[in-house]
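The values are calculated or read from the model by the stated rules, or taken from the named source; none is laboratory data. All of these numbers come straight from a predicted model, not from anything done at the bench. When we count neighbours, we look across all protein chains shown, and the Cβ atoms used for this are built from the backbone with ideal geometry, even at glycine. Note: accessible area is taken over every heavy atom of the protein model, side chains too, but ligands, DNA and RNA are not part of it. Shrake-Rupley method; radii C 1.70, N 1.55, O 1.52, S 1.80 Å.
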Amino acid sequence: LEEALWPLSYVKRISYVLPFDPEKIIMVPKTMGCCLLLRMTFLNEISYFDEGTFLYSEEPILATQVRNNGCKIVFNPTIKAIHAHKASEKDNSSKRMFEFIKSRKYYLANYSGYSKLQLRILKLSYSVLGLWHLLKSRISN
């Protein structure tokens, strides 16, 4: 539902972040945008990172690989990492959106375990997202 109902996030702000105690280390199903520490033995087992994506969907792929190998993801909210990127280095937002969609479709096709029908629905959903973003960027330019 999170994948197919993305338009609702534009109508009502929906958060998929689970509530957590900021002082407690917990097991989580997936992390997004976190500083990662991985065992080299695990990376060797999965043949390192999947190179089928670019910039997006690495975390869901890694979470699936962790789960499929019987491992766990531990989240420690007390550790802080600073990502010192500059906003001016960001390129065209439509280009980033299409990279996101391409990577997301790769993840869905190769790791989600969804049925063919579910994948078709999601492909349609992401096509609508791409078209909507393209139209939005053309209108604002």
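Would you be able to say whether some residue in the range 49-56 is crowded, with 17+ Cβ neighbours inside 10 Å and either among the aliphatic types (A, V, I, L, M) or more than 30 Å from residue 25 (Cβ to Cβ) (or both)? No: the range 49-56 contains no residue that is crowded, with 17+ Cβ neighbours inside 10 Å and either among the aliphatic types (A, V, I, L, M) or more than 30 Å from residue 25 (Cβ to Cβ) (or both).
What do you reckon, is residue 123 more than 14 Å from the chain's Cα centre (by Cα), free of Cβ contacts under 8 Å to residues at least 40 places away in the same chain and open to solvent by 90 Å² or more (accessible area, probe 1.4 Å)? Taking the combined requirement at face value, the residue satisfies it.
Residue check: residue 108 meets all listed conditions (1) at pLDDT below 90; (2) of a type outside the set (Ser, Thr, Tyr); (3) out of contact with any strand residue (DSSP E or B) (no Cβ under 8 Å at 6 or more places or on another chain) but one, namely (1). Note on the range 90-134: residues that are over 13 Å from residue 52 (Cα atoms) and in a helix (DSSP H, G or I) total 25. Of all residues in the range 29-40 being open to solvent by 90 Å² or more (accessible area, probe 1.4 Å) and either more than 19 Å from the chain's Cα centre (by Cα) or among the hydroxyl-bearing types (Ser, Thr, Tyr) (or both), which is nearest to residue 82 (Cα to Cα)? That would be 39.
Tell me which residues, restricted to the range 61-79, are of a type in the set (A, V, I, L, M), under 27 Å from residue 109 (Cα atoms) and either open to solvent by less than 70 Å² (accessible area, probe 1.4 Å) or not in a strand (DSSP E or B) (or both).
Matches in the range 61-79: 61, 62, 63, 66, 73.
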